[in-house]
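The values are calculated or read from the model by the stated rules, or taken from the named source; none is laboratory data. The structure presented is a predicted model; accordingly, all values stated were derived computationally and were not measured. Note that each Cβ is placed from the backbone with ideal geometry, even for glycine, and that neighbours are counted across all protein chains shown.
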Amino acid sequence: MNNVMIIGTSHIAKQSVNEIKTAVSAWKPDIIAVELDLQRAAALMSEEKSKVTLAMILKIGIKGYLFAKVGQFVQQKLGKMVGVSPGSEMKEALNLVRKEKLEAAFIDQPIQITLKNFSKYLTWKEKFRFFWDMVKGLITPKKQMREMGLDQFDLTKVPGKEVVKKLVNQMRKRYPNVYRALVSDRNKYMVRQIVKILRKNPDKKILVVIGAGHEEGMRELLLKVDVV
(Lines give C-alpha, C1' and ligand atoms only; values in the text may rest on other atoms or scores of the structure.)
Protein backbone atom coordinates (compact mmCIF):
# COMPACT_ATOMS: atom_id res chain seq x y z
CA MET A 1 0.00 0.00 0.00
CA ASN A 2 3.01 2.29 -0.44
CA ASN A 3 1.27 4.09 -3.30
CA VAL A 4 -1.73 5.11 -1.15
CA MET A 5 -1.79 8.13 1.17
CA ILE A 6 -4.87 8.72 3.35
CA ILE A 7 -5.71 12.11 4.83
CA GLY A 8 -8.43 12.19 7.50
CA THR A 9 -10.08 15.60 7.44
CA SER A 10 -12.50 17.84 9.26
CA HIS A 11 -15.06 19.32 6.86
CA ILE A 12 -14.80 22.77 8.47
CA ALA A 13 -11.10 22.99 9.35
CA LYS A 14 -8.66 25.20 7.47
CA GLN A 15 -5.97 22.77 8.63
CA SER A 16 -7.44 20.09 6.36
CA VAL A 17 -7.27 22.37 3.32
CA ASN A 18 -3.60 23.09 4.04
CA GLU A 19 -2.79 19.40 4.56
CA ILE A 20 -4.22 18.52 1.16
CA LYS A 21 -2.24 21.30 -0.55
CA THR A 22 0.96 20.12 1.14
CA ALA A 23 0.35 16.47 0.25
CA VAL A 24 -0.26 17.23 -3.42
CA SER A 25 2.80 19.46 -3.61
CA ALA A 26 5.19 17.14 -1.77
CA TRP A 27 3.91 13.64 -2.59
CA LYS A 28 2.68 14.36 -6.15
CA PRO A 29 -0.17 11.87 -6.50
CA ASP A 30 -1.58 10.75 -9.84
CA ILE A 31 -5.13 10.29 -8.55
CA ILE A 32 -7.09 12.07 -5.83
CA ALA A 33 -9.94 9.99 -4.40
CA VAL A 34 -12.51 11.94 -2.39
CA GLU A 35 -15.30 11.05 0.03
CA LEU A 36 -17.98 12.17 -2.39
CA ASP A 37 -20.27 10.56 -4.91
CA LEU A 38 -20.64 12.14 -8.34
CA GLN A 39 -23.88 13.93 -7.45
CA ARG A 40 -22.49 15.53 -4.28
CA ALA A 41 -19.27 16.49 -6.07
CA ALA A 42 -21.21 18.27 -8.83
CA ALA A 43 -23.35 20.10 -6.25
CA LEU A 44 -20.29 21.13 -4.24
CA MET A 45 -18.41 22.52 -7.22
CA SER A 46 -21.42 24.33 -8.72
CA GLU A 47 -22.57 25.61 -5.29
CA GLU A 48 -26.15 25.18 -6.45
CA LYS A 49 -28.82 24.04 -4.02
CA SER A 50 -30.55 20.95 -5.35
CA LYS A 51 -34.34 20.98 -5.39
CA VAL A 52 -35.92 18.34 -3.18
CA THR A 53 -39.23 16.83 -4.26
CA LEU A 54 -41.71 14.80 -2.24
CA ALA A 55 -40.88 11.78 -4.38
CA MET A 56 -37.19 12.10 -3.46
CA ILE A 57 -38.02 12.37 0.26
CA LEU A 58 -40.21 9.27 0.10
CA LYS A 59 -37.49 7.41 -1.78
CA ILE A 60 -34.77 8.00 0.84
CA GLY A 61 -37.17 8.00 3.80
CA ILE A 62 -38.30 10.86 6.01
CA LYS A 63 -35.82 9.94 8.76
CA GLY A 64 -32.92 10.05 6.33
CA TYR A 65 -34.07 13.35 4.85
CA LEU A 66 -34.50 15.01 8.26
CA PHE A 67 -31.11 13.74 9.39
CA ALA A 68 -29.46 15.18 6.28
CA LYS A 69 -31.11 18.57 6.81
CA VAL A 70 -30.14 18.72 10.50
CA GLY A 71 -26.57 17.70 9.68
CA GLN A 72 -26.38 20.34 6.96
CA PHE A 73 -27.71 23.03 9.30
CA VAL A 74 -25.23 22.13 12.07
CA GLN A 75 -22.25 22.06 9.68
CA GLN A 76 -23.20 25.44 8.24
CA LYS A 77 -23.49 26.97 11.73
CA LEU A 78 -20.13 25.54 12.81
CA GLY A 79 -18.57 26.61 9.53
CA LYS A 80 -19.68 30.20 10.11
CA MET A 81 -18.16 30.09 13.59
CA VAL A 82 -14.70 29.25 12.20
CA GLY A 83 -15.02 31.05 8.86
CA VAL A 84 -14.73 27.91 6.71
CA SER A 85 -17.47 26.62 4.42
CA PRO A 86 -18.36 22.95 5.00
CA GLY A 87 -16.68 20.75 2.42
CA SER A 88 -13.91 23.26 1.67
CA GLU A 89 -11.26 20.55 1.88
CA MET A 90 -13.06 18.39 -0.70
CA LYS A 91 -13.49 21.40 -2.95
CA GLU A 92 -9.78 22.19 -2.62
CA ALA A 93 -8.91 18.60 -3.53
CA LEU A 94 -11.01 18.83 -6.70
CA ASN A 95 -9.59 22.25 -7.58
CA LEU A 96 -6.11 20.73 -7.33
CA VAL A 97 -7.19 17.93 -9.67
CA ARG A 98 -7.93 20.58 -12.30
CA LYS A 99 -4.89 22.69 -11.58
CA GLU A 100 -2.38 19.82 -11.56
CA LYS A 101 -4.17 17.85 -14.31
CA LEU A 102 -4.69 14.81 -12.09
CA GLU A 103 -7.38 12.14 -12.12
CA ALA A 104 -10.35 12.36 -9.73
CA ALA A 105 -12.12 9.40 -8.19
CA PHE A 106 -15.46 9.71 -6.40
CA ILE A 107 -15.42 6.79 -3.99
CA ASP A 108 -18.31 7.38 -1.61
CA GLN A 109 -21.57 5.49 -1.69
CA PRO A 110 -24.38 7.41 -3.46
CA ILE A 111 -26.04 9.67 -0.90
CA GLN A 112 -29.52 8.32 -1.70
CA ILE A 113 -28.43 4.81 -0.68
CA THR A 114 -26.84 6.06 2.55
CA LEU A 115 -29.92 8.03 3.59
CA LYS A 116 -32.27 5.23 2.57
CA ASN A 117 -30.26 2.80 4.71
CA PHE A 118 -30.32 5.30 7.58
CA SER A 119 -34.12 5.42 7.42
CA LYS A 120 -34.31 1.62 7.22
CA TYR A 121 -31.84 0.84 10.02
CA LEU A 122 -32.86 3.45 12.60
CA THR A 123 -34.80 1.95 15.53
CA TRP A 124 -37.21 3.58 17.97
CA LYS A 125 -34.72 2.87 20.75
CA GLU A 126 -32.07 4.92 18.99
CA LYS A 127 -34.56 7.70 18.23
CA PHE A 128 -35.43 8.05 21.94
CA ARG A 129 -31.76 7.82 22.91
CA PHE A 130 -30.90 10.56 20.40
CA PHE A 131 -33.70 12.77 21.73
CA TRP A 132 -32.54 12.24 25.32
CA ASP A 133 -28.93 13.03 24.41
CA MET A 134 -30.09 16.27 22.74
CA VAL A 135 -32.05 17.26 25.87
CA LYS A 136 -29.04 16.60 28.10
CA GLY A 137 -26.86 18.57 25.70
CA LEU A 138 -29.20 21.57 25.96
CA ILE A 139 -29.51 21.39 29.76
CA THR A 140 -25.87 20.63 30.65
CA PRO A 141 -23.78 21.27 27.52
CA LYS A 142 -20.45 21.63 29.33
CA LYS A 143 -20.94 18.35 31.18
CA GLN A 144 -21.81 16.60 27.93
CA MET A 145 -18.72 17.99 26.25
CA ARG A 146 -16.54 16.80 29.15
CA GLU A 147 -18.06 13.32 29.07
CA MET A 148 -17.35 13.09 25.36
CA GLY A 149 -13.81 14.39 25.81
CA LEU A 150 -14.56 17.52 23.79
CA ASP A 151 -14.20 20.22 26.45
CA GLN A 152 -10.93 21.34 24.85
CA PHE A 153 -12.11 20.78 21.28
CA ASP A 154 -10.82 23.22 18.65
CA LEU A 155 -13.12 23.46 15.64
CA THR A 156 -10.38 25.02 13.52
CA LYS A 157 -8.28 21.85 13.67
CA VAL A 158 -8.73 18.20 12.77
CA PRO A 159 -9.47 16.24 15.99
CA GLY A 160 -6.65 14.04 17.27
CA LYS A 161 -6.82 10.33 16.47
CA GLU A 162 -7.67 9.40 20.07
CA VAL A 163 -10.57 11.89 20.14
CA VAL A 164 -11.89 10.60 16.81
CA LYS A 165 -11.57 7.00 17.98
CA LYS A 166 -13.47 7.80 21.18
CA LEU A 167 -16.28 9.55 19.30
CA VAL A 168 -16.60 6.74 16.75
CA ASN A 169 -16.67 4.13 19.53
CA GLN A 170 -19.35 6.10 21.39
CA MET A 171 -21.42 6.28 18.23
CA ARG A 172 -21.01 2.55 17.62
CA LYS A 173 -22.07 1.79 21.22
CA ARG A 174 -25.02 4.18 21.59
CA TYR A 175 -26.24 4.23 17.98
CA PRO A 176 -25.14 0.94 16.38
CA ASN A 177 -27.53 1.23 13.44
CA VAL A 178 -26.61 4.86 12.76
CA TYR A 179 -22.96 3.80 12.87
CA ARG A 180 -23.68 1.02 10.41
CA ALA A 181 -25.45 3.33 7.93
CA LEU A 182 -23.12 6.33 8.16
CA VAL A 183 -19.73 4.76 8.90
CA SER A 184 -19.39 0.99 8.60
CA ASP A 185 -21.26 0.45 5.32
CA ARG A 186 -19.57 3.43 3.71
CA ASN A 187 -16.11 2.34 4.89
CA LYS A 188 -16.59 -0.98 3.12
CA TYR A 189 -17.93 0.69 -0.02
CA MET A 190 -15.07 3.20 -0.21
CA VAL A 191 -12.42 0.54 0.38
CA ARG A 192 -13.88 -1.52 -2.48
CA GLN A 193 -13.61 1.53 -4.75
CA ILE A 194 -10.00 2.14 -3.72
CA VAL A 195 -9.11 -1.51 -4.39
CA LYS A 196 -10.65 -1.24 -7.85
CA ILE A 197 -8.52 1.83 -8.57
CA LEU A 198 -5.38 0.11 -7.28
CA ARG A 199 -5.93 -2.95 -9.43
CA LYS A 200 -6.59 -0.83 -12.49
CA ASN A 201 -3.66 1.54 -11.79
CA PRO A 202 -1.00 -0.48 -9.93
CA ASP A 203 1.79 2.01 -10.64
CA LYS A 204 -0.09 5.20 -9.80
CA LYS A 205 -0.06 7.08 -6.49
CA ILE A 206 -3.45 7.69 -4.91
CA LEU A 207 -4.24 10.42 -2.39
CA VAL A 208 -7.40 9.50 -0.48
CA VAL A 209 -9.28 12.40 1.17
CA ILE A 210 -11.89 11.23 3.69
CA GLY A 211 -13.48 12.43 6.92
CA ALA A 212 -11.41 11.65 10.01
CA GLY A 213 -14.13 9.35 11.35
CA HIS A 214 -13.59 6.96 8.45
CA GLU A 215 -9.79 6.87 8.50
CA GLU A 216 -9.00 4.17 11.07
CA GLY A 217 -11.73 1.80 9.91
CA MET A 218 -10.73 2.11 6.26
CA ARG A 219 -7.04 1.62 7.03
CA GLU A 220 -7.86 -1.61 8.86
CA LEU A 221 -9.98 -2.87 5.97
CA LEU A 222 -7.35 -1.97 3.37
CA LEU A 223 -4.66 -3.89 5.24
CA LYS A 224 -6.80 -7.03 5.03
CA VAL A 225 -7.28 -6.80 1.27
CA ASP A 226 -5.14 -8.63 -1.28
CA VAL A 227 -4.91 -6.03 -4.06
CA VAL A 228 -2.88 -8.17 -6.46
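Observations on the model:
- Residue, farthest from Met5 (Cα to Cα), within region 180-210, restricted to residues that are of a type outside the set (A, V, I, L, M, F, W, C) and buried (at least 20 other Cβ atoms within 10 Å of the Cβ): Arg186
- Test for Met5: is it within 22 Å of Lys101 (Cβ to Cβ), aliphatic (A, V, I, L, M) and modelled with pLDDT of 65 or more: yes
- Applying the set (1) loosely packed, with under 15 Cβ neighbours inside 10 Å; (2) at pLDDT 70 or above to Leu94 leaves exactly one unmet item: (1).
- Of the helices (runs of 4 or more DSSP H) lying entirely inside region 112-228, the ones with 2 or more residues being modelled with pLDDT of 85 or more, at negative phi and out of contact with any strand residue (DSSP E or B) (no Cβ under 6 Å at 6 or more places or on another chain) are found at 124-139, 161-174, 176-179, 185-200, 212-223.
- Condition met for Met81 (of a type outside the set (Phe, Trp, Tyr) and either modelled with pLDDT of 70 or more or in contact with a helix residue (DSSP H, G or I) (Cβ under 9 Å, 6 or more places away or on another chain) (or both)): no
- Screening the candidates Pro86, Pro29 for the property of being surrounded by 12 or more Cβ atoms within 10 Å (Cβ to Cβ) and either at pLDDT below 95 or more than 18 Å from Gln193 (Cβ to Cβ) (or both) yields one hit, Pro86.
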